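Notes to accompany the following structure.
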Amino acid sequence: MPAAEIRHDWTRQQVLDLFAMPFSDLMFTAQQVHRMHFDANRVQVSTLCSIKTGACPEDCAYCPQSARYDTGLARETLMKVEKVLEEARAAKAGGATRFCMGAAWRSPKKKDMPYVTQMVRDVKALGMETCMTLGMLNDEQAQKLAEAGLDYYNHNLDTSPEYYGEIITTRTYQDRLETLGRVRAAGMKVCAGGIVGMGEGDKDRAGLLMQLANLPEHPESVPINMLVRVAGTPLEKQKDLDPFEFIRCIAVARMMMPKSHVRLSAGREQMSDEMQSLAFLAGANSIFYGEKLLTTANPEANKDMQLFSRLGIQPEKYQQYSDESEVEAELNARISEQKDDAFFYDAAK
Ligand code: SAM
Ligand code: DTB
Ligand code: SF4
């Protein structure tokens with residue numbers, strides 16, 4: 001039987017040994033672990049919204065929103081609360097149960113806090129779970145977000161401590177760990193993961209997962225992003241990562257953090273349906289749903305529903321609110337609407 005206990009004492013060699021397993025054994029073990037804690041046919045769906053786009057002072061080498069790179073992105077100021085709500089309503093109508101709001105900031109300014117906390121309160125009042133990613137937080141900001149009722153805070157470690165300096169110089173790994181500690185201390189759920197395909201080695205992918213799993217508590221949500229290469233960023237010409245290495249990463253994350261949601265995040269638009277299904281088989285059980293991530297493309301909602309239908313996947317229930325059945329019914333209706341198309345899609349191949 002696979003070891004599915006919750007551990008926080010992984011060594012790099014142990015993680016590398018998992019990565020080195022024969023692919024079939026790795027997938028089989030990851031599936032066993034997955035099924036101990038989750039319904040393997042349920043996937044959680046979140047929609048992303050960029051509440052403040054571009055002109056970021058940080059130098060993250062992968063990011064289209066850094067002011068240091070010319071990526072042709074139109075910069076925008078903080079979105080009005082009412083506009084954010086409109087987007088949240090549309091996401092809910094489309095069947096998303098969690099609304100994630102992202103801002104291209106190093107950290108929020110004092111003057112921003114009343115707006116972002118209002119967004120949290122209003123989106124929650126719609127009956128959706130809330131998530132934000134606003135950069136580094138101090139204790140007071142974490143406290144204010146928690147008081148407003150923010151469910152999740154996303155802050156990624158991005159890569160291993162050793163490779164980190166190749167990617168970002170304007171904030172340290174320690175800064176990131178401290179923000180994660182503050183989010184936890186304020187009582188919010190943690191969403192933390194990273195990006196693969198940035199030219200890092202096996203040891204770095206193992207190092208990232210080791211850092212995440214060795215946190216005092218596992219993040220409830222672990223986004224694994226495949227680098228989206230954006231023209232104008234320093235990583236625009238990065239070589240493709242072997243797709244099986246990406247799938248291995250998902251499987252190892254699943255094994256190391258058995259009770260966490262592992263999110264197949266950025267990069268799905270560039271993946272085949274078959275690759276995405278391998279990611280679900282490896283234990284991924286959450287996706288971003290909706291045509292846009294923050295600034296780059298994501299698969300169309302109908303295409304995702306078609307894939308869910310073809311794979312027999314259902315959206316995960318959201319139990320916190322009484323109108324959960326309404327949201328679920330909506331998404332199930334969309335999945336069944338896609339059934340005929342899915343058949344033709346197959347037949348046309
Ligand atoms: N500015 C805040 C921060 O960095 O903490 C929040 C927004 S930032 C865009 C959120 C995360 O998106 C980053 O930490 C990174 O992991 C991911 N990301 C950004 N650009 C990406 C890309 N081109 N490909 C894959 N993931 C990306
Ligand atoms: C995460 O790990 N991935 C999301 C979310 N957290 C905020 C962002 C992906 C961004 C991809 C590039 C873009 O669309 O700008
Ligand atoms: Fe700014 Fe976040 Fe992009 Fe880094 S990842 S440049 S902090 S928006």
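Where a number appears in this text, it was derived from the coordinates with a stated rule and is not lab data. On a predicted model such as this, the values are computed, not experimentally measured, just so you know. Every residue, glycine among them, receives a Cβ derived from its backbone with ideal geometry; neighbour counts consider all protein chains shown.
Given the Cα-Cα distance of Glu76 and Gln270 and 0.36 nm per residue of separation, how much length would full extension add, in nm?
67.2 nm
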*Normalised convex hull volume, the chain, alpha-carbon set, Å³ per residue*: 132 Å³
_Residues with amide H under 5 Å from that of Gly149, placed H, sequence gap 5 or more_ = none
*Two-site label geometry, Ala231 and Gln174: point separation in nm, points 7 Å out along Cα→Cβ*: 4.1 nm
*Using the Karplus equation 6.51 cos²θ - 1.76 cosθ + 1.60 (θ = phi - 60°), what ³J(HN,Hα) coupling, rounded to whole Hz, does each residue of the range 123-138 give in order, writing x for Gly and Pro?*
5, 4, 5, 6, x, 10, 6, 10, 9, 9, 9, 10, x, 5, 10, 8
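How much length would be gained if the chain were fully extended between Phe23 and Glu147, taking 0.36 nm per residue of separation minus their Cα-Cα distance, in nm to one decimal?
Result: 40.2 nm gained on full extension.
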_Straight-line reach from Lys292: which aspartates and glutamates fall under 17 Å, measuring Cα to Cα and dropping same-chain residues less than 8 apart?_
Glu76, Glu86, Glu87, Glu269, Glu300, Asp304
_Proximal lysines relative to Lys239, as straight alpha-carbon distance under 21 Å, when same-chain residues fewer than 8 apart are discounted_ = Lys203
*Using per-residue counts of other Cβ atoms within 10 Å, averaged over each peptide, order 42-50, 227-235 from highest down.*
42-50, 227-235
*Compute the convex hull volume of the Cα atoms of the range 5-102, divide it by the residue count, and report the result per residue in Å³ as a whole number.*
205 Å³
*What are the ³J(HN,Hα) values, in whole Hz, obtained from phi via the Karplus relation 6.51 cos²θ - 1.76 cosθ + 1.60 with θ = phi - 60°, for each residue of the range 79-89 in sequence order, with x given for Gly and Pro?*
5, 5, 4, 4, 5, 4, 5, 4, 5, 5, 4
*asked:* Let's test this: bin the Cα-Cα distances of the range 123-183 at 10 Å from zero up to the farthest pair and state each bin's percent.
replied: 21, 45, 24, 10, 1
